1. Along the range 39-45, what does the Karplus equation 6.51 cos²θ - 1.76 cosθ + 1.60 (θ = phi - 60°) give for ³J(HN,Hα), rounded to whole Hz, x for Gly and Pro?
2. Could you calculate the contour length gain from GLN77 to ARG42, that is, 0.36 nm times the residue separation minus the distance between their Cα atoms, to one decimal place in nm?
3. Among residues other than GLN77 whose Cβ falls under 15 Å from its Cβ, what is the net charge (Lys/Arg +1, Asp/Glu -1)?
4. Quick one: which of LYS135/LYS248; LYS135/LYS258; LYS27/LYS248; LYS32/LYS248; LYS27/LYS236; LYS27/LYS198 span more than 30 angstrom between C-alpha atoms?
5. Could you check which residue among ASN184, ASN128, ASN36 shows the biggest mean-square fluctuation in a GNM of the chain with a 10 Å Cα cutoff?
6. Stretch TYR69-LYS32 to full length: gain in nm at 0.36 nm per residue minus the Cα-Cα span?
7. Take the Cα radius of gyration of the chain and divide it by 2.2 N^0.38 Å, with N its residue count; two decimals is plenty.
8. Please name which of LEU233, GLN180, GLN190 has its Cα lying farthest along the dipole of the range 170-253 towards the positive end, using unit charges on Cβ (Lys, Arg +1; Asp, Glu -1) and the Cα centre as origin.
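Read-outs: derived from the displayed coordinates by stated rules, not from any lab. All values derive from a computational prediction rather than experimental measurement. Positions of Cβ are generated from backbone atoms using ideal geometry, with glycine treated the same way; all protein chains shown enter the neighbour counts.
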Amino acid sequence: MVDIDNMSNRSLVMEQYSSTNNLELRKSLHEKYSVNKLGFQRWMFEQYPFRTKMKVLELGSGRGELWNYYLESDVLQGYEMEITLSDFSEGMVDHLRRSFPDRGMAVEKIDILEIPFEEETFDLIIANSMLYHVKDIDSALSEVRRVLKKGGLFYCATSGMNGMIQYLYSALDELGIPYQHGSNLSFTLQNGMELLKKQFDRVERRDYEDALAIDKVEDYIDYIYSMTSLQGLDPKKYNVLLDHFNTKKEKGFLRIPKEYGMFVAGKQ
Ligand SMILES: C[S@@+](CC[C@H](N)C(=O)[O-])C[C@H]1O[C@@H](n2cnc3c(N)ncnc32)[C@H](O)[C@@H]1O
């Protein structure tokens with residue numbers, strides 16, 4: 001097994017997100033098969049304490065999915081907030097600009113390691129499912145703290161160490177299939193609190209209860225082949241994986257654990 005730090009290799013991450021196709025494929029698995037029908041994005045969106053005239057920055061916005069909930073709400077749009085969506089990938093920034101033209105939201109190309117704003121600019125900063133891609137998490141969090149106002153809040157969602165990826169790796173180990181171990185464990189629900197406490201005064205963890213129940217296993221195998229950390233996976237193993245996961249079905253469903261949640265960090 002080759003053990004390389006794929007998930008936080010900057011050029012690989014850039015390449016992965018240069019097109020939105022793989023991200024869409026992975027999102028659709030969650031949408032189709034999640035047991036908790038509220039949806040992780042909606043759950044996250046409902047946590048944010050929006051208020052009038054707030055200045056909001058999202059880092060690593062991806063497709064900017066969260067903001068569809070914002071556009072659905074006349075109440076929130078009435079708050080006249082200044083919202084900036086951003087990503088360091090040109091592909092994602094293009095996608096955001098196309099998706100949210102003239103909707104009162106700014107779109108900027110921003111690397112979390114170098115946020116081009118002055119000290120204490122934002123009331124609320126969001127960075128979901130992206131910190132584990134960043135090589136130097138301490139520097140990223142210090143940049144977030146720098147541009148956050150006193151009394152401001154930082155919301156960052158991530159995954160845990162007992163979820164989908166661990167389930168998949170243990171299956172690949174069982175089957176003797178070699179894979180490149182993507183280390184997405186640099187910022188998890190387990191270690192995030194400690195990392196955030198170095199920069200923030202108050203940190204709270206919130207969990208989202210969920211799992212996948214999959215009847216069409218082919219969708220799961222396509223998902224596996226779309227993953228950044230498994231780009232080298234042998235295409236000839238497709239049927240081996242399909243047979244393996246089909247035998248794991250119970251009452252017609254392959255059940256896969258998920259462990260997702262978020263931290264809320266405050267600056268005093
Ligand atoms: C898994 S996606 C998450 C997208 C979105 N936040 C969500 O929760 O659906 C990670 C995103 O972070 C972006 N990203 C990775 N490293 C970054 C960095 N150093 N600065 C800004 N964005 C980054 C990627 O381009 C990608 O769009």
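1. x, 4, 5, 5, 4, 4, 4
2. Roughly 10.9 nm would be gained on extension.
3. Once positives and negatives cancel, what remains is -2.
4. Beyond 30 Å: LYS135/LYS248; LYS27/LYS198.
5. In the Gaussian network model the winner is ASN36.
6. That works out to 11.4 nm of additional length.
7. Normalised Cα radius of gyration, the chain: 1.03.
8. The one lying farthest along the dipole's positive direction is GLN190.
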